Amino acid sequence: MSITTARISSAQLKSAFVAKVQKNSDQKLLACYQCGKCSAGCPMAAHMDILPNQIIRLAQLGMHERLLASNAIWTCVSCMTCNTRCPKNVHIAEVIESLRDIAMRNGRRHEHLTIGDVPAETRAELPPIAMISAMRKLTS
Amino acid sequence: MKLIYYPGCTLKNHARNFDVSTVSSMAKLDVEVEELDRWNCCGTVHALGATNVMNRIAPVTNLVRVKQQQANEVMTTCAMCYNTLKRANIDVQKRAAALETINKFMYLDEVDYQGDVAVHHLLEYLRDRIGFDKLSARVKKPLKGLRVACYYGCLLVRPKEVAFDDVENPTVMEDLVTALGGTPVPFAQKTECCGAYHAVDNAEIVADRTNKIMSGATEQQADVAMVSCPLCAFNLDFKQPDARRLNPELQPMPVLYFTQLMALAFGCGEDDLRFDLHHIDPKPALAGRGLI
Ligand code: SF4
Ligand code: SF4
């Protein structure tokens, strides 16, 4: 068995990616001490490939490729349950939104949702509030 | 007493039952509701970016319209509109530079917005300004025996700065049901997200959430679920068939707006209730308790 040592230091926070996440979300990533409470209460956790506390950890480490390729950043629905329960007052939802923003506006625009791909019968039955909120969250 | 009312887009479309039951039940409480002039879509969700200005323009424009109508407060019933208007207001109160940018952008309007319009949700208004005692006195047809699962969802209670009740265990809806003569049931899932806009891009998530929430209401032997958000109503009511595919045991349960139950208890007629706009017809459950 090999032993892996991961070091987290404020050096990572100097990477352009981490600085951008911290600025756009107005959060201090190192405040998180990985208690896992955010993930325990997340109603979307069962549908996520990485959990909210893991998102924060990967963000601390500046692992942007893993984060931006995850489905979890799109599954999070900004329900704010994690934010209200975090003992360190980390606004996880804000961090995740900043990741969505980076994924969609990385030099050029990458839409996560194309309304034209939503089946016509689904579009016909959806209330405006569903369409507009999905477009606000999932398109640039 | 005149109260400026912001209905929002969905109350003029899919959720007309929410709109008409609001206006008619407020009339029974002697509150004259005046629809906001030239209102526009609030944007439905609060953009979480710390430096965002663009997405604040839509909600703040509505608050400017309130001032133009010589008022200092606005009431809305839709949980999403409430959350978006309220958060944008709090945000521009804190960020003078963002507010200045918005005011400059809106130079054609006389009003220079100062963050000075109060945003109320109707549930909060009923509790704090009308009072459940007065409301109770207006009940003509008590909702006797009706077991109601009160569903708050996310946006009435989160984040903390917009919550007008306890974040983890709010009771304002239960108190309303009691005032109307009904029976609120304990409901563990009352503040758990319904999946929201995943109705557009991920039907599986909504089916899973709706199953969990409506199963919780069924366990408590509720007759109906009561909501304050047209998107929750869509997911919990219109998407129940998807939930039933995951869980064939899930029995159909109607989903009503709190204003519909209020209008019903105040003796309003079918035109003010619009049960024809539901997926699961509320009439059998209400008839079962002798309410219609
Ligand atoms: S609840 Fe807060 S401190 Fe705990 S793991 Fe989540 S973000 Fe970190
Ligand atoms: S805001 Fe996102 S990460 Fe947090 S609990 Fe809700 S869905 Fe989960």
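Taken over the stretch B:64-78, the criterion of being part of a helix (DSSP H, G or I) and surrounded by fewer than 24 Cβ atoms within 10 Å (Cβ to Cβ) is satisfied by B:Val64, B:Arg65, B:Lys67, B:Gln68. Return yes or no: is A:Ile73 assigned to a helix (DSSP H, G or I), among the β-branched types (Val, Ile, Thr), within 14 Å of another protein chain (Cβ to nearest Cβ) and out of contact with any Phe, Trp or Tyr (no Cβ under 7 Å at 6 or more places or on another chain)? So A:Ile73 passes the test. For the stretch B:7-16, check the following and say yes or no: at least one residue is more than 20 Å from A:Leu126 (Cα to Cα) and under 18 Å from the mean Cα position of the chain (by Cα). No, every residue in the stretch B:7-16 fails to be more than 20 Å from A:Leu126 (Cα to Cα) and under 18 Å from the mean Cα position of the chain (by Cα).
Results for (1) out of contact with any His (no Cβ under 6 Å at 6 or more places or on another chain); (2) in contact (Cβ under 8 Å) with a residue 60 or more places away in the chain; (3) within 14 Å of ligand 2 (Cβ to nearest atom); (4) assigned to a helix (DSSP H, G or I), shown as yes or no for each residue.
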residue	(1), (2), (3), (4)
A:Ala93	yes, no, yes, yes
A:Leu99	yes, yes, yes, yes
A:Ile102	yes, yes, no, yes
A:Met131	yes, no, no, yes
A:Arg136	yes, no, no, yes
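If you check B:Ala163, B:Ala88 for being over 30 Å from B:Gly290 (Cα atoms) and touching a Gly at 6+ places or on another chain (Cβ under 9 Å), only one passes: B:Ala88.
Restricted to the stretch A:9-67, the set of helices (runs of 4 or more DSSP H) holding at least 2 residues that are within 16 Å of ligand 1 (Cβ to nearest atom), β-branched (Val, Ile, Thr) and crowded, with 17+ Cβ neighbours inside 10 Å comprises A:16-25, A:52-60. Taking (1) more than 12 Å from chain A (Cβ to nearest Cβ); (2) open to solvent by 10 Å² or more (accessible area, probe 1.4 Å); (3) more than 17 Å from the chain's Cα centre (by Cα) in turn, B:Leu146 satisfies each apart from (2).
When you look at B:Ala203, is it in contact with a strand residue (DSSP E or B) (Cβ under 6 Å, 6 or more places away or on another chain) and closer than 26 Å to B:Pro248 by Cβ, yes or no? No: the conditions fail for B:Ala203.
Out of all the residues in the stretch B:193-227, which are under 20 Å from the mean Cα position of the chain (by Cα), assigned to a helix (DSSP H, G or I) and more than 12 Å from chain A (Cβ to nearest Cβ)? Within the stretch B:193-227, B:Met214, B:Ala217 meet the criteria.
Here B:Glu100 clears all of (1) modelled with pLDDT of 95 or more; (2) in contact with a helix residue (DSSP H, G or I) (Cβ under 9 Å, 6 or more places away or on another chain); (3) open to solvent by 10 Å² or more (accessible area, probe 1.4 Å) except the condition numbered (2). Is it the case that A:His47 is in contact (Cβ under 8 Å) with a residue 60 or more places away in the chain, facing chain B (nearest Cβ under 10 Å) and near ligand 2 (Cβ under 10 Å from one of its atoms)? Considered against the rule, which asks whether it is in contact (Cβ under 8 Å) with a residue 60 or more places away in the chain, facing chain B (nearest Cβ under 10 Å) and near ligand 2 (Cβ under 10 Å from one of its atoms), A:His47 comes out as no. Of all the residues in the stretch B:159-205, those that are of a type in the set (S, T, N, Q) and closer than 27 Å to B:Gln93 by Cβ number 1. Scan the stretch B:14-52 for residues that are under 28 Å from B:Asp112 (Cβ atoms) and either surrounded by fewer than 19 Cβ atoms within 10 Å (Cβ to Cβ) or touching a Gly at 6+ places or on another chain (Cβ under 7 Å) (or both) and the total you get is 11. Note on the stretch A:76-90: residues that are outside any loop (DSSP other than H, G, I, E, B) and either closer than 21 Å to B:Glu204 by Cα or within 8 Å of chain B (Cβ to nearest Cβ) (or both) amount to 3. Among the residues making up the stretch A:91-140, those that are open to solvent by less than 10 Å² (accessible area, probe 1.4 Å), more than 8 Å from chain B (Cβ to nearest Cβ) and not β-branched (Val, Ile, Thr) are A:Leu99, A:Arg100, A:Met104.
To keep it simple, each residue is scored yes or no on (1) surrounded by fewer than 24 Cβ atoms within 10 Å (Cβ to Cβ); (2) among the β-branched types (Val, Ile, Thr); (3) on the phi < 0 side of the Ramachandran plot.
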| residue | (1), (2), (3) |
| --- | --- |
| B:Lys212 | yes, no, yes |
| B:Thr218 | yes, yes, yes |
| B:Gln221 | yes, no, no |
| B:Met226 | no, no, yes |
| B:Phe234 | no, no, yes |
| B:Arg245 | yes, no, yes |
| B:Glu249 | yes, no, yes |
| B:Pro254 | yes, no, yes |
| B:Leu264 | no, no, yes |
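Restricting attention to the stretch B:168-188, the residues that are within 14 Å of chain A (Cβ to nearest Cβ) and buried (at least 18 other Cβ atoms within 10 Å of the Cβ) total 1.
The values are calculated or read from the model by the stated rules, or taken from the named source; none is laboratory data. All values reported here derive from a predicted model rather than from experimental measurement. Neighbour counts are summed over all protein chains in view; Cβ atoms, including those assigned to glycine, are modelled from backbone coordinates with ideal geometry. Accessible surface is based on the protein model in full, side chains and every heavy atom, while ligands, DNA and RNA are left aside. Shrake-Rupley method; radii C 1.70, N 1.55, O 1.52, S 1.80 Å.
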